[in-house]
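Chemist: One structure, as structure tokens, below. Some questions next.
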Amino acid sequence: MRQTDMTDARVLQLLETYGAWPMAWPEEEREAAEARLAAHPERFADALAEAQLLDAAFEAEPMPEPDSSLAARILADAPQPRTARDSLGARLTRILMPNGQRWPAGAALASLGMGLFAGYTASASSVPATYETEAEAVVYAALGYDQYDTYLEEAPLDE
């Protein structure tokens, strides 16, 4: 906050809310409030004295000891660290394959690889083409479209 934005009311509010110690004030307002306080000490003398008395009263009181079971309750409620077995892959495996069978994932990967290989070999044996049309041929063949040329030759919709 700029010094020109700091008002007397805001300095009084900072003194009332955070006390007389400037390090307790919000960092973004601290410099402007200290400058305003230094520029017009007579305006804030009563509020500053009252804040200093209240700060001294709080410092004079002994700090209460927390309940002995508080630490145990906090630690019990804290999130537990994940183990190495509890990774995302392990959780997905438990969800997708609750019986511990891993062959469906391997079969799916093998069929995907075979489909891409078959699509590539089918497109490589067709008409010689540039890299883009060859890549399109692989994609269409892998998806099971035999005649991808018909999709490429269609007229655009805006005509």
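Chemist: Using the heavy atoms of the protein chains alone and a 1.4 angstrom probe, what is the accessible area of segment 1-70 per residue in square angstrom?
Modeler: The answer is 75 Å² per residue.
Chemist: I've got another one for you. Would you mind counting up the charge near Asp8? Only other residues with Cβ under 15 Å from its Cβ, with Lys and Arg at +1 and Asp and Glu at -1.
Modeler: So the surrounding residues net to -3.
Chemist: Ordered by packing density, taken as the mean number of other Cβ atoms within 10 Å over each peptide's residues, highest first, how do 56-68, 6-18, 35-47 rank?
Modeler: Peptide ranking by packing, descending: 6-18, 35-47, 56-68.
Chemist: Counting only protein heavy atoms and using a 1.4 Å probe, what share of the accessible area of segment 3-60 belongs to carbon plus sulfur, as a whole percent?
Modeler: Roughly 54 percent of what the probe reaches on segment 3-60 is carbon or sulfur.
The values are calculated or read from the model by the stated rules, or taken from the named source; none is laboratory data. Predicted model only: the values in this text are computed from it and were never measured. Note that we place each Cβ from the backbone using ideal geometry, even for glycine, and neighbour counts take in every protein chain shown. Keep in mind that these areas ignore ligands, DNA and RNA; they rest on the heavy atoms of the full protein, side chains included. Shrake-Rupley method; radii C 1.70, N 1.55, O 1.52, S 1.80 Å.
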